[in-house]
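The block underneath contains the structure these notes are about, expressed in structure tokens.
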Amino acid sequence: MRDAVTTIGKLTDRQSVVFISSVDEDGFPNTKAMLAPRKREGIKVFYFHTNTSSMRVRQYKSNPQACIYFCDKRFYRGAMLTGTMEVLEDAEVKKMLWQEGDTMYYPLGVTDPDYCVLRFTAVKGRFYSNFHSEDFEIE
């Protein structure tokens, strides 16, 4: 892969679903599908929205180790990024990610106490395409 930022960036932008993983209190991985990130900074930082009351938020607060995986099933390729997940509840970040229609998830609006932002910061990755996997560093 010549340019990880471009290759992985295009892959992530084309997906409507991403799989995120956390670590539970017994040390086991827990994975779930989520809506694609609302914002990204290169392939290092990704922002998601979720419910503050969720199991995943509790797990990230206890252990921030995380993984996200983007899968392009049409071309059977994918990118796994590993790093840490932060739970952000400050008003500025919540406003930055808020979109019209979000009251479907958070009926009290942008100040809903059950609305928070997850910020994933990648440290390394692995890309799979054409029967080949390749590790890469995130700068």
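The values are calculated or read from the model by the stated rules, or taken from the named source; none is laboratory data. Just so it is clear, the structure is predicted and the values come from calculations on it, not from any experiment. All Cβ positions, glycine included, derive from the backbone under ideal geometry; neighbour counts span all protein chains shown. These area figures cover heavy atoms from the full protein model, side chains too; ligands, DNA and RNA do not enter into them. Shrake-Rupley method; radii C 1.70, N 1.55, O 1.52, S 1.80 Å.
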### Task
Determine the gain in length on full extension of the stretch Thr84-Met96; use 0.36 nm per residue of separation and subtract their C-alpha separation, reporting nm with one decimal.
2.3 nm
### Task
Could you please state how large a percent of the accessible area of the chain is carbon and sulfur, counting protein chains only and using a 1.4 Å probe?
52
### Query
So what are the ³J(HN,Hα) numbers for the stretch 89-99, from phi and the Karplus equation (6.51, -1.76, 1.60; θ = phi - 60°), rounded to whole Hz, Gly and Pro as x?
10, 7, 4, 4, 5, 4, 5, 4, 8, 4, 10
### Query
Using a Gaussian network for the chain with springs between C-alpha atoms less than 10 Å apart, which of these wobbles most: Glu100, Glu41, Glu92?
Glu100
### Task
Report relative contact order for the stretch 1-86 in percent, whole number only (criteria: Cα-Cα under 8 Å, sequence separation at least 6).
29
### Spatially near lysine pairs across the chain, Cα under 25 Å, sequence gap of 8 or more or different chains
25
## Note on the structure
Rounded to the nearest Å, the spacing of the alpha-carbon centers of the stretch 73-125 and the stretch 1-64 is 8
#### Entry: Most mobile listed residue (Thr12, Thr103, Thr82) in the chain, GNM with C-alpha springs under 10 Å
Thr103
## Note on the structure
Which of (1) 6.9; (2) 7.4; (3) 8.7 gives mean projected area of the Cα convex hull in nm² as computed here? It is (3)
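With a 1.4 Å probe and all protein chains left in place, how much accessible area per residue does the chain have, in Å²?
Per-residue accessible area for the chain comes out at 59 Å².
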### Query
Rounded to the nearest 500, what is the chain's calculated 222 nm mean residue ellipticity when only DSSP H runs of at least 4 contribute -39500 (n - 2.57) each, over all residues?
-5000 deg cm²/dmol
#### Entry: With at most 15 other Cβ atoms within 10 Å, longest stretch of the chain clear of loop chymotrypsin sites (Phe, Trp or Tyr not before Pro) (DSSP)
1-74
